[in-house]
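The values are calculated or read from the model by the stated rules, or taken from the named source; none is laboratory data. Worth saying up front: this structure is predicted, and the values here are computed from it rather than measured. Positions of Cβ are generated from backbone atoms using ideal geometry, with glycine treated the same way; all protein chains shown enter the neighbour counts. Note: accessible area is taken over every heavy atom of the protein model, side chains too, but ligands, DNA and RNA are not part of it. Shrake-Rupley method; radii C 1.70, N 1.55, O 1.52, S 1.80 Å.
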Amino acid sequence: MGQKIVAVTGNEAVANALRQVNPDVSAAYPITPATDIMQRFTSFVSNGLVKTEMILVESEHSAMSACIGASAAGGRVMTATASQGLALMWELLFIASGSRLPIVMALVNRALSAPLNIHGDHSDGMGARDCGWIQLWSENAQEAYDNTIQAFRIAEHMDIRLPVMTCMDGFIISHSIERIEYLDDYAVKNFVGEYKQLNPLLDIEHPVSYGPLILPDYYMEFRRAHAEVMSKVPGVVLDVAKDFEKISGRKYGLFETYRLDDAEVGLVILNSAAGTSKDVIDEFRNRGIKAGLLKPRLYRPFPYEEVGEALKHLKAVCVLDRADAFGASYGPLFMDIASSIYHYKNKPILINKIYGLGGRDYLPEHAELVLNELAEIAKTGKVKTFKEYIGVRE
Amino acid sequence: MATPLSLKELSKKELLLTAGHRMCSGCGAPPVVKMVLLASDYPVVASNATGCLEVSTCISEYTAWKIPWIHNAFENAAATLSGVETMYRSLKKQGKIDKEIKFIAFGGDGGTYDIGFQSLSGAMERGHDMLYICYDNGAYMNTGIQRSSATPLGADTTTCPAGSVVPGKLQERKDLTKIMAAHGIPYVAQASPSHWSDLMKKVRKALEIKGPKFMNIISPCNRGWRSAANDAILLSRLAVETCYWPLYEIENGVTRVTVKPKEKKPLVDFLKPQGRFKHLFAPENEWLLKKAQDDVNAYWERLLKEEEFTKSEEVPKEQ
Ligand SMILES: Cc1ncc(C[n+]2csc(CCOP(=O)(O)OP(=O)(O)O)c2C)c(N)n1
Ligand code: SF4
Ligand SMILES: [Mg+2]
């Protein structure tokens, strides 16, 4: 298990993971805060450190289009984007997943315009959560690195063949230096293995047609088949995590729980803000308040049953969303958590806070405020507001 | 050796777009595609933009394509194929594939002149080894004959219908062939299915040239042109003979008009058989008819001058 300890940014870690995976083709277009990944990667290309053929396209729409073509052709493909770039890819995201193409994309989460904002926020990833891709979310650079490597194995698994988006917070993680452990190149190469083709377009002896028109007579069967494949994803994610633990010593599940087993109040939160929350939970524990946390990792497909089981014993839970779902009553993560505990007779009281939009800092005092409120709800059973924005000017 | 371009020899070759597709009978697009694929002695992998050709040739469990074929979306046939071609180069470099394969993208005028223009321009600029073919029927036919930037001046479409105030399309066509030539790519050509041998020679030539190539091929649509179902080839011939659709190529900056009609027919010969131009023959629209003819004359004159002018740039063939 030769591992190297380094101090790098999230983007650098992801770029290094991509170098180690060494894909056949990549197509990309610059957008902050993801640009840096591809800049670093193209320097690997220019210096002969990878075999990857780059396609430096004229838009993200073409980036994803070219990734689709390259993946259908029959090889390993990756790209990276954020925010407006992901929005521009929108129609192709469904085509990539509907065509069952195992493309891996690093998404560096950033707010959506308008107003224009380049900072960390989950609106981009949340907007694309139901497009048939697998989504893995990452708290820190280490997780982003580890998820990137595992993403290829999950995407390319013969029972799955679906694209995977790996998410990390823009700037907060992408541009901050952390201590992380790199696997050695050989271990990563072995772990991802040789790419296995499935119906490659370049097999001219066995011509295939990709992208048919499917009328009402069969369309629904196609969509159901996609849904069925989605249901196999959690099992594969866990298998891949087990193999990954063997080479890294690092354990991954469908989600992470922190001091949750005996907790009475809990936070559910994605990505980097989970780290801050854990520190505050420790303080509350020291004060005798049984607080815990759940941080989703596999966000699509969402492991409803497992999450429900993990949360059902709590008295009060706050779901913190770094994106709002305009017009819906609650944030997107809240709605998933609510669905996962809906079936239980005894279940926690759920509240929702919207935080950190457009890179607004999530501070320990925000977690404190929420945990105090949860403790009060647990005691009295009374809720003042089910949903509100925190850390915002009134 | 390449299959000679004789009907006798070509008739022995397999058609790679099979019968049984669902395009309208008499549509110009299937013969265009068949000619293009017949011209190649190399295996071809194709991409196809959303449009009539795409929706009608690969429905549910059926496909009319005997070659590897990919449809992605409407505006990205070029970007998609650039991905396929790049994967081919990658796998070839790695020794995982050794065959010589050619890459051809097919797009309608809407998918090429308009919504797919950026994708096309980008792919050409990047220098992918591929041939992009636009089958130009002058409107968004698949969605019901809406105006595109390839729609001819004065034509009646469902979004610029000829009415009592607006006499059809008021703008001239975008000159896409020249715009592609301005990309400085090694080969650009216009062709017509009426002149099959000219068309196939151009495809052949294009496939032998490394790098990005573009061909614009007129493709009559009886539904949209409001013409007789059996007139596709006749109309494409009249398009050439009236100089509405000049047959020419631009190879490394040198323009060559490949077919010069012995006698240049009046434009009305091409317009008359088409219902989409019917209103142009009303007295109040005479000016438009005249403008259409003037435009064709001017364009043709300019093209001949361009041929003359660029001749000097021709690189002498090695003996
Ligand atoms: C992004 C997007 N916009 C619009 C459409 C609807 N659409 C599908 S085909 C088509 C027209 C195609 O026209 P053209 O490219 O000229 O091909 P034709 O059908 O005439 O052969 C349109 C507007 C679409 N599929 N995707
Ligand atoms: S509508 Fe026109 S272009 Fe489309 S299939 Fe029919 S004839 Fe061909
Ligand atoms: Mg058209």
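Could you please find all residues in the range B:33-64 being surrounded by fewer than 24 Cβ atoms within 10 Å (Cβ to Cβ) and either in contact with a His (Cβ under 7 Å, 6 or more places away or on another chain) or at the interface with another protein chain (Cβ under 7 Å from one of its Cβ atoms) (or both)?
B:43, B:55, B:56, B:59, B:60, B:63, B:64
Modelled with pLDDT of 95 or more and within 23 Å of residue B:116 (Cβ to Cβ): does that describe residue B:38? Break it down into steps so the answer makes sense when it comes.
Details: modelled with pLDDT of 95 or more: yes; within 23 Å of residue B:116 (Cβ to Cβ): no.
So residue B:38 does not fit the description; no.
Can you report the number of residues in the range B:195-210 which are open to solvent by less than 10 Å² (accessible area, probe 1.4 Å) and not aliphatic (A, V, I, L, M)?
So the count comes out to 1.
Taking the condition β-branched (Val, Ile, Thr), more than 24 Å from residue B:99 (Cβ to Cβ) and out of contact with any Ser or Thr (no Cβ under 6 Å at 6 or more places or on another chain), does residue B:18 pass?
Values: β-branched (Val, Ile, Thr): yes; more than 24 Å from residue B:99 (Cβ to Cβ): no; out of contact with any Ser or Thr (no Cβ under 6 Å at 6 or more places or on another chain): yes.
No.
Filter the range B:123-150 down to the residues that are within 14 Å of chain A (Cβ to nearest Cβ), hydroxyl-bearing (Ser, Thr, Tyr) and within 16 Å of ligand 2 (Cβ to nearest atom) and list them by number. Explain how you work it out, then say what you get.
At the first step, the residues of the range B:123-150 found to be within 14 Å of chain A (Cβ to nearest Cβ) are B:123-130, B:132, B:142-143.
After this cut, where a residue has to be hydroxyl-bearing (Ser, Thr, Tyr) as well, the list is B:132, B:143.
Hit for the range B:123-150 is B:143, nothing else.
May I ask you to list pairs of residues, at least six apart or on different chains, whose Cβ atoms are under 8 Å apart, with the first in the range B:34-61 being at positive phi and the second being away from ligand 3 (no atom under 16 Å from the Cβ)?
B:60/A:212; B:60/A:213; B:60/A:214; B:60/A:215; B:60/A:217; B:60/A:218
Quick one: would you say residue A:55 is within 9 Å of chain B (Cβ to nearest Cβ) and either of a type in the set (D, E, K, R) or touching a residue at least 12 places away in the same chain (Cβ under 8 Å) (or both)? Reasoning before the result, please.
Working: within 9 Å of chain B (Cβ to nearest Cβ): yes; either of a type in the set (D, E, K, R) or touching a residue at least 12 places away in the same chain (Cβ under 8 Å) (or both): yes.
Here the answer is yes, as residue A:55 does meet what is asked.
Working carefully through the options B:60, B:90, B:119, B:82, find the one that is at pLDDT below 95 and either more than 18 Å from the chain's Cα centre (by Cα) or within 13 Å of ligand 1 (Cβ to nearest atom) (or both).
Working: B:90 fails: at pLDDT below 95; B:119 fails: at pLDDT below 95; B:82 fails: at pLDDT below 95.
Answer to the check: B:60.
Criterion first (at pLDDT 95 or above and within 19 Å of residue A:61 (Cα to Cα)) does residue A:31 satisfy it?
So residue A:31 passes the test.
If residue A:249 passes every condition in (1) surrounded by 18 or more Cβ atoms within 10 Å (Cβ to Cβ); (2) touching a residue at least 24 places away in the same chain (Cβ under 8 Å); (3) not aliphatic (A, V, I, L, M) but one, which one does it miss?
Result: residue A:249 fails condition (1) only.
From A:48, A:69, A:120, which residue is under 27 Å from residue B:91 (Cα atoms) and either part of a loop (DSSP other than H, G, I, E, B) or β-branched (Val, Ile, Thr) (or both)?
Working: A:69 fails: either part of a loop (DSSP other than H, G, I, E, B) or β-branched (Val, Ile, Thr) (or both); A:120 fails: under 27 Å from residue B:91 (Cα atoms).
Of A:48, A:69, A:120, the one residue that is under 27 Å from residue B:91 (Cα atoms) and either part of a loop (DSSP other than H, G, I, E, B) or β-branched (Val, Ile, Thr) (or both) is A:48.
Return the total of residues in the range A:223-242 being open to solvent by less than 50 Å² (accessible area, probe 1.4 Å) and under 20 Å from the mean Cα position of the chain (by Cα).
Of all residues in the range A:223-242, those open to solvent by less than 50 Å² (accessible area, probe 1.4 Å) come to A:225-226, A:229-230, A:233-237, A:240-241.
Narrowing the set further to residues that are under 20 Å from the mean Cα position of the chain (by Cα) leaves A:226, A:229-230, A:233-237, A:240-241.
So the count comes out to 10.
Have a look at B:109, B:156, B:114 and point out the one that is more than 13 Å from chain A (Cβ to nearest Cβ), within 16 Å of ligand 1 (Cβ to nearest atom) and touching an Asp or Glu at 6+ places or on another chain (Cβ under 7 Å).
Details: B:156 fails: touching an Asp or Glu at 6+ places or on another chain (Cβ under 7 Å); B:114 fails: touching an Asp or Glu at 6+ places or on another chain (Cβ under 7 Å).
None of the other options fit; the residue is B:109.
So, in the range A:126-168, how many residues would count as being small (Gly, Ala, Ser), crowded, with 24+ Cβ neighbours inside 10 Å and in contact (Cβ under 8 Å) with a residue 60 or more places away in the chain?
Quick first cut of the range A:126-168, residues small (Gly, Ala, Ser) only: A:127-128, A:132, A:138, A:141, A:144, A:151, A:155.
In the following step, the residues that additionally are crowded, with 24+ Cβ neighbours inside 10 Å were identified as A:138, A:141, A:144, A:151, A:155.
The next check asks that each one be in contact (Cβ under 8 Å) with a residue 60 or more places away in the chain; those that pass are A:138, A:141, A:144.
Residues flagged as small (Gly, Ala, Ser), crowded, with 24+ Cβ neighbours inside 10 Å and in contact (Cβ under 8 Å) with a residue 60 or more places away in the chain within the range A:126-168 amount to 3.
So which residues in the range A:186-215 are more than 8 Å from every other protein chain (Cβ to nearest Cβ) and open to solvent by 40 Å² or more (accessible area, probe 1.4 Å)?
Those that are more than 8 Å from every other protein chain (Cβ to nearest Cβ) and open to solvent by 40 Å² or more (accessible area, probe 1.4 Å): A:186, A:189, A:190, A:194, A:196, A:197, A:198, A:199, A:205, A:206.
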